[in-house]
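One structure below.
What follows draws every value from the coordinates through simple rules; no lab data is involved. Because the structure is a prediction, the values reported are computed rather than measured. Methodologically, a virtual Cβ is constructed for each residue, glycine included, from the backbone with ideal geometry; neighbour enumeration extends over all protein chains shown.
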């Protein structure tokens, strides 16, 4: 019987260890050893996705999604869809965009329509398109007299239906919001979620990314809220590892912590 909830490693955190297919093979075996049966594909060097899928299969790690940049969607949608099929995945997220390319609110709305178009076309092929947020999407437009206004992300999800959310809860907190608000906001359209913790590291008072459970986010509450919202895939991402400089150590800490929460 398939697992009700799946915990995956977002491979961007291992990008220095996946530049070649040979390195990827070694890395995927180590990812399996530290407790991950699933992975979200990102940060690999140039390689054919069919070859990468064989590497994953050999290691016993199943791809459950991928991050593919907006330029690739714009250049060749067919290639993006082909890579999804080679990996055997039904989720693909647009992970980042250059915020400065959108100068006006009209520019943002045009981008929302573009993303919705991808989502509708890919849905016909059995692939769900998602959007992965950072912090800049929490900029507000329309504030008057110190009141009101809506964030870019509010407008994005209010103005679309087909595209799914892949909230990054660490970036939600970093953008100044309680992630619970956003989990509830996108309830029913967030099959996959990104888990990323952050907190003060030293006397510089500068927050840094941390392994799950070592930062400031309330993970027991957030995991519970995600489950209520219909999330099935919990994806761990450690962008960098300031505490250890070792993604295998920190992803391992995060995996052990999630087990204490029943994942």
Report task. Would you mind pulling out the separation of the Cα centroids of segment 28-68 and segment 88-154, in Å? Result -> 27 Å
Requested in this report: Write down, largest first, the equivalent ellipsoid semi-axes of segment 129-205 in whole Å, where each equals the square root of 5 times an eigenvalue of the alpha-carbon gyration tensor.
Outcome: 22, 19, 9
Query raised in the report: Gain in length, residue 111 to residue 187, computed as 0.36 nm per residue apart minus the alpha-carbon separation, to one decimal in nm?
Result: 25.1 nm
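Determine, from the Cβ-Cβ distance of residue 143 and residue 214 and an R0 of 41 Å, the FRET efficiency 1/(1 + (r/R0)^6), rounded to the nearest 0.05.
Working: r = 35 Å, r/R0 = 0.85.
Here the calculated transfer efficiency is 0.70.
When 187, 42, 254, 216 are ordered from fewest to most other Cβ atoms inside 10 Å of their Cβ, what list results? Let's see the in-between values first.
Numbers: 187 15, 42 21, 254 27, 216 12.
Fewest to most other Cβ atoms nearby, the residues stand as 216, 187, 42, 254.
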Requested in this report: Provide 47, 155 in ascending order of the number of other Cβ atoms located within 10 Å of each residue's Cβ, fewest first.
Outcome: 47, 155
Query raised in the report: Which FRET efficiency, nearest 0.05, do residue 245 and residue 29 yield, Cβ-Cβ r, R0 25 Å?
Result: 0.75
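Suppose the chain between residue 5 and residue 22 were pulled fully straight at 0.36 nm per residue; how much longer would it get relative to their current alpha carbon spacing? Can you show the working numbers first?
Values: separation 17, 0.36 × 17 = 6.12 nm, distance 3.01 nm.
Here the answer is 3.1 nm.
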Query - Gain on full stretching of the segment that runs from residue 260 to residue 150 - 0.36 nm per residue minus C-alpha separation - result: 35.9 nm
**Report entry** Estimated [θ] at 222 nm from DSSP helical runs (n ≥ 4, -39500 (n - 2.57)) normalised by residues in the chain, nearest 500
**Finding:** -12000 deg cm²/dmol
Report task. With a point put 7 Å past each Cα toward its Cβ, work out how far residue 37 is from residue 123 in nm, to one decimal. Result -> 3.0 nm
Report summary line: Note on the chain: alpha-carbon gyration tensor, axes a ≥ b ≥ c; rule is a/c under 1.5 for rounded, else prolate if a/b larger than b/c, else oblate; result oblate
Query raised in the report: Sorted from fewest to most neighbouring beta carbons within 10 Å, what does the list 235, 64 look like?
Result: 64, 235
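For segment 171-263, rounded, prolate or oblate, judged on the Cα gyration tensor with a ≥ b ≥ c (square roots of eigenvalues), a/c < 1.5 rounded, else prolate if a/b > b/c?
Working: a/c = 2.23, a/b = 1.44, b/c = 1.55.
Judged from the Cα gyration tensor, segment 171-263 comes out oblate (a/c at least 1.5, b/c at or above a/b).
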Report summary line: Note on the chain: contact order normalised by length, alpha-carbon pairs under 8 Å, 6 or more apart, percent, works out to 18 percent
